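Derivation of every value follows stated rules applied to the coordinates shown; laboratory data play no part. Fair warning: this is a prediction, and the values are worked out from it, not measured in the lab. Because the Cβ atoms are built from the backbone with ideal geometry, glycine has one as well, and the counts that use them run over all protein chains shown.
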Amino acid sequence: MRRPEVWALLLASAGAVFWALKPPPAEPEWNHSEGETAAPAGRVTLLGATLERDYGNARLDLDVRVKNDSPYPLRLSPPKVRLLAGVREVPPFFLPAERPHEVAAGTASEVRLRYWLEAADLRGPLRLEVEGESVEVKSAAPFDLESVENRKSRKLGGVNW
C-alpha cells in the first residue's frame, strides 16, 4: 500500500463509482398551480410538455397519465383523443413504424402524445380532449414561435406559455 499508483487507482475507482451512482438531475415539473391540469373526473393528468420548433411549425410532446375505467382498451388516437386549438383539431405527429399508444382496460398509464402545430395554433388556447373530458394545455395568451431556436426543444412548465 506504499505505492502511489495503487492509491491513485483506488481514488479514481471511488470517483467513478460515485459518479455512476449519483441520482440524475431533477427535471422541471409541470406547474399545477398555473391552471387546470386534470380533467374533473381525473381520467387524464398532464405531467409535462416539450415544444420543438421546426421552422414555421412545431412538434408538441405531451406527457400525460391516462386512466381507462372501461372494460375495453383505449387507443390514444383521434377521435377518442384530440388536441384542439380553438375549434380546429391539431393533427397528431407520428412515424410510420410507430403504433398509436393504447391503455389497457381498467388500468392507468403514462404516455407521450405528439402533435404537429402550426404557428397559428399557438396564438390561442390548446386543450387536450380524452373521450369528451378535456384538460388545458396552453392558455389563451399568444406564444411567439420565433422565441424558440430552430431545431431546439423547450420544456414548458405550466399552461401560461
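Given the Cα-Cα distance of ARG127 and ALA14 and 0.36 nm per residue of separation, how much length would full extension add, in nm?
Numbers: separation 113, 0.36 × 113 = 40.68 nm, distance 4.95 nm.
Fully extending the segment from ARG127 to ALA14 adds 35.7 nm.
By counting other Cβ atoms within 10 Å of each Cβ, how are LEU95, LEU9 ranked from fewest to most? Mind dumping the intermediate values first?
Working: LEU95 7, LEU9 11.
Listed from fewest to most nearby Cβ atoms, that is LEU95, LEU9.
Using 0.36 nm per residue, how much length does the chain from LYS155 to ASN57 gain when fully extended, once their Cα-Cα distance is taken away? Display every interim value, and only then the final one.
Values: separation 98, 0.36 × 98 = 35.28 nm, distance 1.64 nm.
Value of the extension gain: 33.6 nm.
When the chain is treated as a Gaussian network with alpha carbon springs shorter than 10 Å, the biggest mean-square fluctuation among PHE93, PHE143, PHE18 belongs to PHE18.
Relative to the longest principal axis of the C-alpha atoms of the chain, give the angle of the C-alpha long axis of helix 4-21, reported between 0 and 90° and rounded to the nearest 10°. Taking Cα atoms only, the helix is inclined about 20 degrees. For the stretch 27-156, the relative contact order works out to 33 percent when only alpha carbon pairs closer than 8 Å and six or more residues apart are counted.
Computed from phi, the 3J(HN,Hα) profile of the stretch 73-79 under the Karplus parametrisation 6.51, -1.76, 1.60 (θ = phi - 60°) reads x, 10, 7, 8, 8, x, x Hz, with x in place of Gly and Pro.
Give me TYR115, TYR55 sorted ascending by neighbouring Cβ count inside 10 Å, so fewest comes first. Can you show the working numbers first?
On the way: TYR115 22, TYR55 9.
Ordered by Cβ neighbours within 10 Å, fewest first: TYR55, TYR115.
Amide H contacts of GLY86 (H built 1.01 Å from N, in plane; Pro and chain starts excluded): ARG127 sit under 5 Å, all sequence-distant by 5 or more or on other chains. Labels on offer are (1) 50; (2) 44; (3) 58, and the one holding percent of Cα pairs over 22 Å apart computed from this structure is (1).
Suppose the chain between ARG99 and THR50 were pulled fully straight at 0.36 nm per residue; how much longer would it get relative to their current alpha carbon spacing?
Details: separation 49, 0.36 × 49 = 17.64 nm, distance 2.06 nm.
Working it through step by step, the gained length comes to 15.6 nm.
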